[in-house]
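J.: Can you keep this structure in mind? I'll have questions shortly.
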Amino acid sequence: MGETSAKANERARGAAGIPLSVAWAAALAEGFAAERANRVARNAVTAEGVAKTVRDPVAMRAYARPFDVSLAAPANVTNQKSTGRCWLFSTYNSLRERWARAIDCPDVDFSHAYGQFFDKLEKANSFLSHVIETASRPYDDRVVEHLMRHPIPDGGEWRFAANLIEKWGMVPASAMPETVCSESTKAMNQLLARLLRKDAAILRAAAVDGEGAGALAERARQMMADVHRVLCICLGEPPVTFDLTVELGPKATLDAPALPGSRVEVQGPLEGAGARSGGAVEGGERRILTCRGLTPREFARDCVGFDASDYVDLISLPLDDLPFGRAYGVRWVDSVVGGAPLRFVNVPMETMEDAAMASLDAGEACYFACNVGQNSPRTLDDFPGILGLDTMDWEGVFGVDLSMGKAEMFELREAYLTHAMTLQGYSRGASGRPSAWRVENSWGKDACDEGYFTIAGDWWRLYAGEVVVARRFVDEATRAVWDEAEAVMTEPWGVIARREG
């Protein structure tokens, strides 16, 4: 005869672990109020919130110092608004400085809506391709579940942006301005996700009915026309060609590119208050660069000078299952079918720092990713732009020890690479390692410190994990791994791939 329900429930409760007693909790509550420090912390946190209470103003004000190396940033601070496009903004921001120097004008920007359009289009196509590839797997398969949970996310990687630029090019901001949907993607993403999941069900059902890969691919191609229509309605049609007209400053390095219809016209002097700061001085000649019928790929290649093969993507994650000195990839996440696959080389932090410093020493900003929410003072009014390990006194306020090593945090998912930004400068400490970094963010001028972070060297070494630099700034051994080593593939739910943007 089987056990009674009461006995079964009792056995289940016993197996669940150690229950908390009411008396234990009551004793702790009584003891809590007896401690003066507890009462002070409770009163402060309940009235002001956590961030304002734990901030250490003495530690924070120590970071107000100039940087040894600081690049001249473009005049305007970009703002990704309510989107997860940080990876696209960081990539564009690192190239934006190159374009600003080429025409000697600090007020430049690229169209993020243009890049976003083709990112969504390519991600939808990649999703449908993966649906066909996994059509024989059950719905509760982990890969299928991952695909259906994230059919068309905002987040991404430098490689995603590089593949988009290589294939679709880029355009100035004026050629395809932002829209309501490009700046706040929730509604558009929900619509596209619903459409793609419906299409996934159709493709999987067709596969069960015996339809071959070619027929399924043709179905997917027809489905992509609907995706394109939705994107055009939300973002506007992307330009196939556009006319570029810019005034070249006196230090401009760009002449008319070798393209049909490109020319530099010398005009008369610019007089009075209209003389552009940083461009033609009052009474001086004005040089106007004009390119008619320019394609986005021509602009990226011949004007901005982007070449994806010139870059190396470094990560620094000290994990036992990701040994240093090896290349790694991630399955099921590449967003451009036929593009270069996502690829990293895992290196010691010193190697990654040296590459970033060499890039900045040469005047080139670089893409990097970190866990930006750790010890973040983003909501503070007085010290909003400082990321340091000593700036938030968690132990003093809460009486708890939160210290963890980098490997432990990443393995347990306490830390992961959530946000990409652009390195603009650094200061070197007494040890020769960076003591602080100057970082251009993409949250607008009113966020952080007029759009910038100061990141302490110890915070960087604990929470930063990726840098993308030109290959000439990377040591020979690391370049050899990047060029020759076969990538060890990891899963999309692993440590490397988890991003938010």
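The values are calculated or read from the model by the stated rules, or taken from the named source; none is laboratory data. Since we're looking at a predicted model, the values are computed, not measured. Neighbour counts are summed over all protein chains in view; Cβ atoms, including those assigned to glycine, are modelled from backbone coordinates with ideal geometry.
J.: Within the range 164-197, track down each residue that is among the acidic types (Asp, Glu) and more than 25 Å from residue 339 (Cα to Cα).
T.: Of everything in the range 164-197, those that are among the acidic types (Asp, Glu) and more than 25 Å from residue 339 (Cα to Cα) turn out to be 178, 183.
Conditions (1) of a type in the set (Ser, Thr, Tyr); (2) under 30 Å from residue 409 (Cβ atoms); (3) surrounded by 17 or more Cβ atoms within 10 Å (Cβ to Cβ), marked per residue:
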site	(1), (2), (3)
294	no, no, yes
304	no, no, yes
310	no, no, no
315	no, yes, yes
328	yes, yes, yes
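J.: Considering only the range 36-90, how many residues are of a type in the set (A, V, I, L, M), part of a helix (DSSP H, G or I) and over 30 Å from residue 108 (Cα atoms)? Explain how you work it out, then say what you get.
T.: Residues of the range 36-90 of a type in the set (A, V, I, L, M): 37, 40-41, 44-45, 47, 50-51, 54, 58-60, 62, 64, 69, 71-73, 75, 77, 88.
From the residues that got through so far, the ones that are part of a helix (DSSP H, G or I) too are 37, 40-41, 44-45, 47, 50-51, 54, 58-60, 88.
This time we only want the ones that are over 30 Å from residue 108 (Cα atoms), so: 37, 40-41, 44-45, 47, 50-51, 54, 58-60.
Total satisfying the criteria: 12.
J.: Still on this model: Which of the following residues is buried (at least 18 other Cβ atoms within 10 Å of the Cβ) and among the hydrophobic types (A, V, I, L, M, F, W, C): 40, 50, 58, 54? Explain how you work it out, then say what you get.
T.: Working: 40 fails: buried (at least 18 other Cβ atoms within 10 Å of the Cβ); 50 fails: buried (at least 18 other Cβ atoms within 10 Å of the Cβ); 58 fails: buried (at least 18 other Cβ atoms within 10 Å of the Cβ).
Just a single option satisfies the conditions, and that option is 54.
J.: Return the residues of the range 337-354 that are in contact with a Ser or Thr (Cβ under 8 Å, 6 or more places away or on another chain) and buried (at least 23 other Cβ atoms within 10 Å of the Cβ); say none if nothing qualifies.
T.: If the condition is that a residue be in contact with a Ser or Thr (Cβ under 8 Å, 6 or more places away or on another chain) and buried (at least 23 other Cβ atoms within 10 Å of the Cβ), then 345, 346, 347, 352 are the ones that fit.
J.: Turning to a different aspect of this structure: Out of all the residues in the range 453-474, which are under 17 Å from the mean Cα position of the chain (by Cα) and at pLDDT 95 or above? Show your work before the answer.
T.: As a first pass, look at the range 453-474 and keep what is under 17 Å from the mean Cα position of the chain (by Cα): 453, 455, 460, 463-469.
Once the filter is applied, which keeps residues that are under 17 Å from the mean Cα position of the chain (by Cα) and at pLDDT 95 or above, the range 453-474 yields 455, 460, 463, 464, 465, 466, 467, 468, 469.
J.: Where the second residue is in a strand (DSSP E or B) and among the aliphatic types (A, V, I, L, M) and the first is within 11 Å of residue 454 (Cβ to Cβ) and touching a residue at least 60 places away in the same chain (Cβ under 8 Å) and lies in the range 424-436, which pairs have Cβ atoms under 8 Å and are six or more apart or on separate chains?
T.: 424/439; 425/69; 426/69; 426/436; 427/69; 427/436; 436/455; 436/456
J.: Given 215, 205, 220, 135, which one is touching a helix residue (DSSP H, G or I) at 6+ places or on another chain (Cβ under 6 Å), outside the structural domain of residue 343 (by TED's automatic domain parsing), at pLDDT 95 or above and assigned to a helix (DSSP H, G or I)?
T.: One residue alone meets the criteria, 220.
J.: What pairs come out if I take residues in the range 168-186 that are not assigned by TED's automatic domain parsing to the domain that holds residue 338 and pair them with residues that are in a strand (DSSP E or B) and aromatic (Phe, Trp, Tyr) whose C-beta lies under 8 Å away, six or more apart or interchain?
T.: Final answer for the pair search is 170/110; 171/110; 171/242; 172/110; 172/242; 173/110; 175/242.
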